[in-house]
Amino acid sequence: MKFRLAIRCLTTVLLAGFFTVGQAQENPVQFQTIKLSDQVYMLRGRGGNVGISAGTDGVFIIDDQVAPITSELQAAIAKVSQQPIRFVINTHYHGDHTGGNEAIGATGAVIVAHDKVHQRMSTDQFNNFWNETTPAYPKGALPVVSFSERVTLHLNGEAATVYHVPNAHTDGDGIVHFPRSNVIHMGDLYFNGLYPFVDLDGGGTVQGMIAGVKLGLSLANEDTKIIPGHGPLSTTAELKTYCDFLVRATANVQALVDQGASLEAAIEARPTADWDESLGKVWITPAQWVTFIYNSLTGKTTYTRIDANQ
Ligand SMILES: [Zn+2]
């Protein structure tokens with residue numbers, strides 16, 4: 001589907017250069033595993049970045065990439081630990097973070113996510129950004145345990161806590177804090193090196209994204225290792241810079257909203273010009289990014305498709 005295809009294309013661009021989608025599908029996925037503490041790892045492959053906790057109590061993972069590469073993903077995780085995966089935490093409902101749920105769930109792993117993740121994966125989702133409907137997932141791919149505010153896994157010698165962030169990248173986001181390992185997985189609240197996707201049709205808002213990034217920063221110290229949803233491993237200092245960018249870009253668009261500018265006029269005014277070269281060339285365009293902010297600030301709960309965004 002277009003949604004998953006585009007995400008695959010995005011991750012291929014980020015990881016392997018500029019392939020067409022056709023070439024990308026033939027290309028074997030290259031996994032990169034980075035050890036962040038005695039027991040926590042970040043794994044990059046095709047889709048959202050995966051977090052792994054592997055220790056004396058077993059293995060649990062955060063997100064499981066796209067469905068077609070699940071067997072390769074399982075093999076890459078097995079290189080870290082051969083123990084079975086006991087839990088999968090989904091940071092949100094998108095198919096590039098939940099694609100492995102069905103196959104990994106079938107091996108006995110318990111899927112854990114926010115209530116809204118369960119709700120959205122259980123039903124067909126029309127999304128105006130993609131102009132497409134993603135059908136409901138099969139039962140085996142759905143979270144078995146869902147939570148409303150936070151949930152903590154007491155495994156491998158630390159209390160890993162998933163904090164729900166309301167209406168951020170979506171309405172079901174969780175960020176995961178490993179206090180002893182000093183690692184935070186930000187899910188798609190953090191796109192490192194590119195403009196973020198704000199899923200307005202999925203309950204996302206820029207204001208919620210800023211609040212979630214500030215929550216992440218409040219849990220961090222200067223040595224914290226930050227796993228972004230997409231892009232390379234990051235640091236607290238870089239997350240602060242990203243937070244400042246979100247705040248300033250949003251303020252620039254707010255000024256235009258306050259002047260009564262239409263969405264088209266706001267895009268035309270280039271309120272994000274400071275970052276368009278560095279962040280707006282890879283995937284989300286400056287016009288799309290301004291639309292996310294403008295619609296968030298004006299309370300629109302859907303993406304607006306206009307000529308400049310096609
Ligand atoms: Zn996402």
Scanning region 198-244 for residues that are in contact with a helix residue (DSSP H, G or I) (Cβ under 6 Å, 6 or more places away or on another chain), away from the ligand (no atom under 15 Å from the Cβ) and of a type in the set (Gly, Ala, Ser) gives Ala220
Of the listed residues (Arg305, Arg248), the one being assigned to a loop (DSSP other than H, G, I, E, B) and of a type outside the set (S, T, N, Q) is Arg305
Contact list, first residue from region 247-274 and free of Cβ contacts under 8 Å to residues at least 60 places away in the same chain, second anywhere and among the basic types (Lys, Arg) and loosely packed, with under 15 Cβ neighbours inside 10 Å, beta-carbon distance below 8 Å, six or more apart or interchain, is Asp274/Arg248
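Can Glu158 be described as away from the ligand (no atom under 14 Å from the Cβ) and touching a Pro at 6+ places or on another chain (Cβ under 7 Å)?
Working: away from the ligand (no atom under 14 Å from the Cβ): yes; touching a Pro at 6+ places or on another chain (Cβ under 7 Å): yes.
Yes, satisfied.
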Conditions (1) assigned to a helix (DSSP H, G or I); (2) under 30 Å from Ile306 (Cβ atoms); (3) touching a residue at least 40 places away in the same chain (Cβ under 8 Å) -> Met121 fails only (3)
Do we find that Pro179 is more than 16 Å from the ligand (Cβ to nearest atom) and either more than 21 Å from Leu233 (Cβ to Cβ) or charged (D, E, K, R) (or both) in this structure?
no
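Restrict the check to region 292-301 and report whether at least one residue is exposed (fewer than 14 other Cβ atoms within 10 Å of the Cβ) and at positive phi.
Step one: filter region 292-301 for residues exposed (fewer than 14 other Cβ atoms within 10 Å of the Cβ), giving 298-299.
Checking the rest, the ones that are also at positive phi come to 299.
Yes, some residue in region 292-301 is exposed (fewer than 14 other Cβ atoms within 10 Å of the Cβ) and at positive phi.
Let's see how each residue does on (1) within 13 Å of Asp64 (Cβ to Cβ); (2) under 19 Å from the mean Cα position of the chain (by Cα):
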{"residue": "Asp124", "(1), (2)": "no, no"}
{"residue": "Phe129", "(1), (2)": "no, yes"}
{"residue": "Tyr137", "(1), (2)": "yes, yes"}
{"residue": "Pro143", "(1), (2)": "yes, yes"}
{"residue": "Ser146", "(1), (2)": "no, yes"}
{"residue": "Arg150", "(1), (2)": "no, yes"}
{"residue": "His154", "(1), (2)": "no, no"}
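Looking at this structure, is Ser278 assigned to a helix (DSSP H, G or I), farther than 18 Å from His169 by Cβ and either of a type in the set (S, T, N, Q) or without any contact (Cβ under 8 Å) to a residue 12 or more places away in the chain (or both)? Spell out how you get there, then give the answer.
Numbers: assigned to a helix (DSSP H, G or I): yes; farther than 18 Å from His169 by Cβ: yes; either of a type in the set (S, T, N, Q) or without any contact (Cβ under 8 Å) to a residue 12 or more places away in the chain (or both): yes.
Judged against the criteria, Ser278 is a match.
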| request: With the condition kept exactly as written, say whether any residue in region 88-103 is hydrophobic (A, V, I, L, M, F, W, C), within 16 Å of the ligand (Cβ to nearest atom) and assigned to a loop (DSSP other than H, G, I, E, B). | output: no
Over region 56-78, the set of residues in contact with a strand residue (DSSP E or B) (Cβ under 7 Å, 6 or more places away or on another chain) and farther than 19 Å from Asp96 by Cβ is Asp57, Gly58, Val59, Phe60
Reported set for region 159-176 where residues are surrounded by 22 or more Cβ atoms within 10 Å (Cβ to Cβ) and out of contact with any Gly (no Cβ under 8 Å at 6 or more places or on another chain) is Ala160
- [ ] Using the structure shown, decide if Tyr195 is within 14 Å of the ligand (Cβ to nearest atom) and either among the hydroxyl-bearing types (Ser, Thr, Tyr) or touching a Lys or Arg at 6+ places or on another chain (Cβ under 8 Å) (or both).
- [x] yes
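Readers should treat all values here as calculations from the given coordinates under stated rules, not as data from a laboratory. Small disclaimer: the values here were computed from a predicted structure and weren't measured. With ideal geometry, Cβ positions are generated from the backbone for all residues, glycine too; neighbour counts draw on all protein chains shown.
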